[in-house]
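Take a look at the structure set out below.
The values are calculated or read from the model by the stated rules, or taken from the named source; none is laboratory data. The structure presented is a predicted model; accordingly, all values stated were derived computationally and were not measured. Every residue, glycine among them, receives a Cβ derived from its backbone with ideal geometry; neighbour counts consider all protein chains shown.
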Amino acid sequence: MMTRPTVLVTRRWPAAVEAVLSERYDTVLNTCDVPLSPAEIRRALKTFDAVLPTVTDRLDAEALDVPDARTRILANFGYGYAHICEPAARQRGLTVTNTPDNPSECTADFAMMLLLMAGRRACEGERNLRAGNWSRWCPDHLIGTRVSGKTLGIIGFGNAGQELARRAYHGFGMRIVVQDEERIDPAILEQVDATQAKDVDDLLPLCDFVSLHCAEARSNEPLIGARRLNLMKADAFLINTARGDLVDEAALVHALIFETIGGAALDVFVREPRINADLLNCDNLVLLPHLGGATRENREAMGFRVLENLSDFFDGRDPRDRVI
Ligand SMILES: NC(=O)c1ccc[n+]([C@@H]2O[C@H](COP(=O)([O-])OP(=O)(O)OC[C@H]3O[C@@H](n4cnc5c(N)ncnc54)[C@H](O)[C@@H]3O)[C@@H](O)[C@H]2O)c1
Ligand SMILES: O=C(O)[C@H](O)CO
């Protein structure tokens, strides 16, 4: 009898996906959903043919330095995979896959929601009401900024950035300015009547809202630090659903406290789930716990996409979403 590959899922996944995984493979599920410790990750790499990690697992060079590892594939649940050390994975001959495309629509919906929440002061209003501080309607209570017709800058014009542009342009009549380090297809720009900025510095002063949709920072220098925050309009808003390390959080706190920008909304953080305490004290800041892709439909789609990658790998094909 052929032995089935052994598979470890490092976090709780949608039940429908876990059921199929368990049918196909000798699967160990993380039913208590506690992230694995570094020692448990190393043990997993010695024990399982496939490990299915996600953004909460630190697969750095030290964790991957397991001489007698059994694992041949890390099939990541999620698009971003910066938590997996690429050179170490290559050196160990590991195959790494991710789940592109699926989260883009959900993330774009979410970015649009954050943009509206920040601009219209939704969190401040909710906090106010729940605290029992709303005594009467008045015309100057929590005055926000109009969103329709304003200018939206999108940095990183890939899947999520393009989805956001469609929503903002068709739904809210916003003017779209984009910047991407790669060449952008002019036909895609045309669909949303977008103009392309020369670089990030060129884009920032033009925009009422700036939304980040690029990959994680590749250097120690965040994409948006103090200098670039100063290039934004004094009443503009910064939205980040991409990765926490793109924004210098201390510089953002400074900009929010001294009101050199209008406000911000963050779904991702430098050291999540730990949150810089100074961020918590900024009223003009919307904070959400990395929920951009958190819909039932999307989480299932992500899980089934991991399954496709595993089937490809164990059936001897090159996985569809191989990134390493
Ligand atoms: N908040 C969430 O839950 C959530 C969910 C899904 C994805 N994400 C994150 O959102 C980001 C975007 O996802 P996507 O699906 O659109 O990715 P994508 O690969 O389709 O698009 C990213 C785009 O950014 C561009 N880019 C990369 N670095 C850049 C830079 N420094 N300056 C300008 N452009 C740059 C790339 O050329 C590409 O066009 C990723 O970081 C991803 O991890 C977050
Ligand atoms: O990149 C993604 O898919 C989400 O941020 C979860 O990791």
- Message: I'm trying to understand the selection: among the residues of the range 48-97, which are within 16 Å of ligand 1 (Cβ to nearest atom) and among the β-branched types (V, I, T)?
- Response: T54, V55, T56, I84, V96, T97
- Note on the structure: Residue count, the range 262-312, condition among the hydrophobic types (A, V, I, L, M, F, W, C), touching a Pro at 6+ places or on another chain (Cβ under 9 Å) and in the same structural domain as K150 (by TED's automatic domain parsing), comes to 3
- Query: Looking at the range 156-185, which of its residues are of a type in the set (G, A, S), within 16 Å of ligand 2 (Cβ to nearest atom) and in a helix (DSSP H, G or I)?
  - Reply: A160, G161
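Yes or no, residue by residue, for (1) more than 15 Å from ligand 2 (Cβ to nearest atom); (2) part of a loop (DSSP other than H, G, I, E, B); (3) among the acidic types (D, E):
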position: W13; (1), (2), (3): no, yes, no
position: A16; (1), (2), (3): yes, no, no
position: L21; (1), (2), (3): yes, no, no
position: C32; (1), (2), (3): yes, yes, no
position: A44; (1), (2), (3): yes, no, no
position: E62; (1), (2), (3): yes, no, yes
position: D68; (1), (2), (3): yes, yes, yes
- Does A63 meet the test of being among the hydrophobic types (A, V, I, L, M, F, W, C), assigned by TED's automatic domain parsing to the domain that holds E86 and either touching a residue at least 12 places away in the same chain (Cβ under 8 Å) or surrounded by 13 or more Cβ atoms within 10 Å (Cβ to Cβ) (or both)? yes
- Matching residues in the range 70-84 - criterion: being more than 16 Å from ligand 2 (Cβ to nearest atom) and surrounded by 16 or more Cβ atoms within 10 Å (Cβ to Cβ): T71, R72, I73
- Message: Which count do you get for residues in the range 243-266 that are touching a strand residue (DSSP E or B) at 6+ places or on another chain (Cβ under 7 Å) and closer than 23 Å to A108 by Cα?
- Response: 10
- Taking G158 and the conditions (1) within 16 Å of ligand 1 (Cβ to nearest atom); (2) crowded, with 20+ Cβ neighbours inside 10 Å, which numbered condition does it fall short on, given that it satisfies the others? (2)
- Message: Which count do you get for residues in the range 239-278 that are hydrophobic (A, V, I, L, M, F, W, C) and over 16 Å from H290 (Cα atoms)?
- Response: 10
- Query: Which helices (runs of 4 or more DSSP H) sit wholly inside the range 211-324 and have at least 1 residues that are surrounded by fewer than 22 Cβ atoms within 10 Å (Cβ to Cβ) and among the polar types (S, T, N, Q)?
  - Reply: 226-231, 296-314
- Task: Would you confirm whether any residue within the range 122-143 is of a type in the set (S, T, Y) and buried (at least 19 other Cβ atoms within 10 Å of the Cβ)?
- Result: no
- Among the residues of the range 25-58, write down those that are surrounded by fewer than 20 Cβ atoms within 10 Å (Cβ to Cβ), without any contact (Cβ under 8 Å) to a residue 24 or more places away in the chain and within 24 Å of D312 (Cα to Cα). D26, V28, L29, N30
- Matching residues in the range 108-126 - criterion: being within 20 Å of M174 (Cα to Cα) and either charged (D, E, K, R) or not assigned by TED's automatic domain parsing to the domain that holds L164 (or both): D109, R120, R121
- Task: Confirm whether G173 is over 19 Å from L204 (Cα atoms), assigned by TED's automatic domain parsing to the domain that holds P205 and touching a Ser or Thr at 6+ places or on another chain (Cβ under 8 Å).
- Result: yes
